[in-house]
Amino acid sequence: MEWGREREKMGESKGLFSGPSRLLSSSPSLLVSFSLILILLMALAILSWAPRGLMTSEDVASLLARLEPSPRRLCFACDDETCRSLETSRWVATQQEASGLFWDGSIDLTGDGLPERVQRVEEQVIIHQDGVEAWRSPATWRVVDLAPGDPNDDGRSELLLALWKPGLDGLESSGSGKEHTLRSRPFVVGYRGGDYRTLWGGSAVANPIHEVELGDVDGDGAEELVVLDGDDRRQRTVSVWRWHGWGFSLIWRSHPGQYWDLKLQEDGSISVATE
Ligand SMILES: [Ca+2]
Ligand SMILES: [Ca+2]
Ligand SMILES: [Ca+2]
């Protein structure tokens with residue numbers, strides 16, 4: 001009975017032994033002694049390799065991933081008048097996708113049904129047509145992001161560029177120094193009349209544009225321009241703009257936050273990483 005109690009104690013404390021001790025309680029005494037020795041030998045063997053074998057490197061990585069706070073993402077769903085924030089969801093490491101910044105893609109810019117390859121190499125955009133470079137953004141442009149799509153709602157595809165470039169706008173006079181200052185602007189580049197060219201050049205914006213996306217966020221069939229902008233890194237905003245014929249008008253702007261990595265989901269909702 002003493003052995004039995006000891007075994008019960010061991011079973012309670014180690015857990016591993018609970019199965020064998022239940023079996024032993026109904027066995028003859030000789031078999032009990034033999035089994036107990038066998039169990040003790042097994043326990044010693046387990047303890048001798050347990051520190052190395054209990055956790056694989058994958059287990060450790062998985063545990064660390066759960067312990068380390070991963071960046072959250074905010075999601076916004078829009079109708080034709082405004083956008084609303086959806087429930088905050090955790091960014092799960094296994095669901096990581098490519099960055100919201102554009103680096104490489106294909107879209108038919110010429111309208112012949114064959115896609116052109118578009119690349120952003122550092123801060124320049126290069127369009128390849130039939131494997132040959134057909135256009136490259138001017139060296140004076142610093143392109144920080146671009147979105148392929150139909151920003152001007154004319155049924156043709158173009159590129160919406162977020163870029164920094166010098167130059168005066170509208171009634172600005174030379175001599176102010178502004179003509180040499182890099183300022184953030186949205187531009188639309190497309191293919192018309194046999195050439196790639198700037199179809200629309202937006203004025204300099206007060207809050208620098210960091211990321212852009214094009215997509216139908218309200219389900220009306222026309223693409224909206226979604227912008228991540230802000231001078232202060234901790235006070236960026238997400239905004240939605242609609243083409244009105246000669247430019248974009250603001251539909252909605254989020255509260256400021258420490259946002260980055262702007263993406264559009266397949267269902268048209270807007271997703272952005274946040275602290
Ligand atoms: Ca084409
Ligand atoms: Ca278009
Ligand atoms: Ca739309």
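Work out, step by step, the length gained on full extension between ASP232 and GLU275: first 0.36 nm times the residue separation, then minus their alpha carbon distance; give nm to one decimal.
14.0 nm
For GLU179, GLU213, what's the fewest-to-most ordering of other Cβ within 10 Å of each Cβ?
GLU179, GLU213
Taking the Cβ of LEU228 as the centre, find all other residues whose Cβ is under 9 Å away and add up their charges (Lys, Arg: +1; Asp, Glu: -1).
For residues surrounding LEU228, the net value is -4.
Which order results if SER203, SER184, SER176 are arranged by neighbouring Cβ count within 10 Å, fewest first?
Fewest to most other Cβ atoms nearby, the residues stand as SER176, SER203, SER184.
Quick check: residue separation of ARG253 and ASP195 times 0.36 nm, minus the Cα distance between them. What number comes out in nm?
Stretched out fully, the ARG253 to ASP195 stretch lengthens by 17.4 nm.
In what sequence do SER106, SER254, SER239 fall when counting other Cβ within 10 Å, fewest first?
Ranked by crowding around the Cβ, least crowded first: SER106, SER254, SER239.
When every alpha-carbon pair in the stretch 72-274 is counted, what percent end up more than 23 Å apart?
So the portion of pairs separated by more than 23 Å is 46 percent.
Subtracting the Cα-Cα distance from 0.36 nm times the residue separation, let me have the gained length for HIS244 to MET42 in nm, one decimal.
65.0 nm
Short version: ³J(HN,Hα) in whole Hz for each residue of the stretch 242-253, in order, from phi by Karplus 6.51 cos²θ - 1.76 cosθ + 1.60 (θ = phi - 60°), x for Gly and Pro, what are they?
Once θ is set to phi - 60°, the couplings for the stretch 242-253 become 10, 5, 10, x, 9, x, 10, 10, 6, 9, 7, 9 Hz.
Convex hull volume of the Cα atoms in the stretch 236-275, per residue, in Å³?
84 Å³
I need the chymotrypsin sites (Phe, Trp or Tyr not before Pro) found in the stretch 172-250, filtered to DSSP loop residues with at most 13 other beta carbons within 10 Å of theirs.
For chymotrypsin sites (Phe, Trp or Tyr not before Pro) across the stretch 172-250 that sit outside H, G, I, E and B with at most 13 neighbouring Cβ atoms in 10 Å, the list reads TRP246.
Values in this text are rule-based calculations from the coordinates and carry no lab data. Given the structure is predicted, the values throughout are model-derived calculations rather than measurements. A quick note on method: Cβ atoms are made from the backbone with ideal geometry, for glycine too, and the neighbour counts reach across all protein chains shown.
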